Amino acid sequence: MANQVIKCKAAVAWEAGKPLSIEEIEVAPPKAHEVRIKLIATAVCHTDAYTLSGADPEGCFPVILGHEGAGIVESVGEGVTKLKAGDTVIPLYIPQCGECKFCLNPKTNLCQKIRVTQGKGLMPDGTSRFTCKGKTILHYMGTSTFSEYTVVADISVAKINPLAPLDKVCLLGCGISTGYGAAVNTAKVEPGSVCAIFGLGGVGLAVIMGCKVAGASRIIGVDINKDKFSFGATECINPQILVNSIQEVLIEMTDGGVDYSFECIGNVKVMRAALEHVTRAGGVSVVVGVAASGEKIATRPFQLVTGRTWRGTAFGGWKSVESVPKLVSEYMSKSKTLTDAFWKEQFIKSVIHLELTFSIW
C-alpha cells in the first residue's frame, strides 16, 4: 500500500467530553521526512483522558488520541534514511531531531523542531494525514496511536529490537519511561537514600522501579488506594487516615525528611506537600504529574532557602530517539531494571484503564 491511501479503523474523538467512536478513516501516505506505521499495540495515559475531558486548553477536535504505542513501519516518505518498511518502532511524543539547540544541550530533552505544528494537531508541513467522513481529523501529540495506522515525523520514531513484545514495550512511549527516568535521570537518586512517591499509578510504580535500581534504602509509597501497596515500596501510607499532615508524618518517620520525593498525580497541593517534607540537607522534590491548566504551585520561600530543590521532568529526561531503544534492550536482556512481573501488571492496568475510561473495546 506504499504511496496509497489506507483505510482502517480508529477511535475518533469528535468533540470534548464525548465517548470515542470507532470509525473507518483514511490515512494518507507519508510525505517527506514522515513515516507511516501499522500499530500493533497501544496503551492509555491519563493525558489522553485529560484531553478528551475538555480540560486541556491545547486540546483540538476532532482528533485521534493516543501516545503510547508500538508497531511496524509500513512505508516511509522522501528523505527518510534511518528507517525503512518492516522496522519495529515506538512512536514518540517528544521528538529528537539532533540538530536544534535543545537537542544539542545535554541539560534538556525537549526538542523544539516541530513543537508548533504538533501542538496544533498537524504534521510539520501544517496539514493532517487523517480524514473521516470527508472531514479532516487532527493528530495528537504527534503520534495518534488509537488507530490501526498512523503517520509521524521521522524524528519522532525510535527503532527497536524486532523481538520485543510490543504489548509491553509500548508503555515506554510515555508512562514507564517518564517515571523511571524521573528517578535515575532527573533526581539522580543515590544508593542508600530515602525516597517518597506520591501517587502509585503506572508512573509512580515506574518511579519506584527507578529508585530500587538506583539503590535507595527506603521507598515510601503514598496513595489513597491500598490495593496499590503491594508492589515495590518498602513502606506505604494512606494520607486520608492520618491525624497529622503527610509532611509531619514523613518528617517524623525519616528523622528530618526524605532525600528525594516525587509527585506523580498532577495535584498542586500534593506538589507542595512533596517539597515540604524533603530534608533541608539538599533534599530534592521532582514534579512528574501534569497539573490542570491555570493551576499554580506555592510554598514559603524559606523551604527553598533552607536547602531544598524543586525540579520538574518531562519524559523522564530521556533523549527519546536514542534512549528508548536502550530501554527496550534493558528489558529484553531481563536485567534487574525491568522485570516481567512489573510490565505484565502495568499492561493489564493500562488495558483496564482504557476500557473503563473510554468504553470502546
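The values are calculated or read from the model by the stated rules, or taken from the named source; none is laboratory data. Everything numeric here is computed off the predicted structure, so don't read it as measured data. For neighbour counting, all protein chains shown are included, and Cβ atoms are generated from backbone atoms with ideal geometry for every residue, glycine included. We work out accessible area using only protein heavy atoms, side chains counted, and drop any ligands, DNA or RNA first. Shrake-Rupley method; radii C 1.70, N 1.55, O 1.52, S 1.80 Å.
Odds and ends about this structure:
- Taking Cα atoms only, the orientation of helix 340-358 departs from the longest principal axis of the chain by about 70 degrees.
- Degrees, to the nearest 10: 320-332 long Cα axis against longest axis of the chain: 70
- FRET efficiency for A2 and R311, using Cβ-Cβ distance with R0 set to 41 Å, rounded to 0.05: 0.35
- Listed by chain and number, the lysines whose alpha-carbon sits under 21 Å from that of K296, ignoring those within fewer than 8 places in the same chain, are K269.
- Cα centroid separation - region 211-236 against region 92-160, whole Å: 34
- Entries of K120/K168; K31/K84; K188/K319 with Cα pairs more than 19 Å apart: K120/K168
- If you take all other residues with their beta carbon under 12 Å from the beta carbon of T299, and give Lys and Arg +1 and Asp and Glu -1, the sum is +4.
- Charging the Cβ of each Asp and Glu at -1 and of each Lys and Arg at +1, and nothing else, the dipole of the chain about its Cα centre rounds to 560 debye.
- Seen through its C-alpha gyration tensor, with square-root eigenvalues sorted a ≥ b ≥ c, region 1-123 comes out oblate because a/c lies at 1.5 or above while a/b is not bigger than b/c.
- Helix 202-214 and the long axis of the chain differ in direction by around 60°, with both axes built from C-alpha atoms.
- The chain: calculated mean residue ellipticity at 222 nm from DSSP helix runs of at least 4, using -39500 (n - 2.57): -7000 deg cm²/dmol
- Gain on full extension, evaluated as 0.36 nm per residue between N105 and R300 minus their Cα-Cα distance, stands at 67.0 nm.
- Only beta bridges with both residues in the chain are counted; by DSSP, about 60 percent of them are antiparallel.
- Where labels lie 7 Å past Cα in the beta-carbon direction, separation of S293 and S217 in nm: 4.7
- Farthest toward the positive end of the dipole of the chain, out of V80, Y180, A158, is the Cα of V80, where the dipole comes from beta carbon charges about the Cα centre.
- Å² of accessible area per residue within region 223-313, as computed with a 1.4 Å probe and no ligands counted: 55
- Which of V35, V249, V76 is most accessible, then next, and so on - probe 1.4 Å: V76, V249, V35
- Taking Lys and Arg as +1 and Asp and Glu as -1, the other residues whose beta-carbon sits under 14 Å from that of V189 total +2.
- Note on the chain: with a GNM built from Cα contacts shorter than 10 Å, the maximum mean-square fluctuation among L304, L172, L122 falls on L304.
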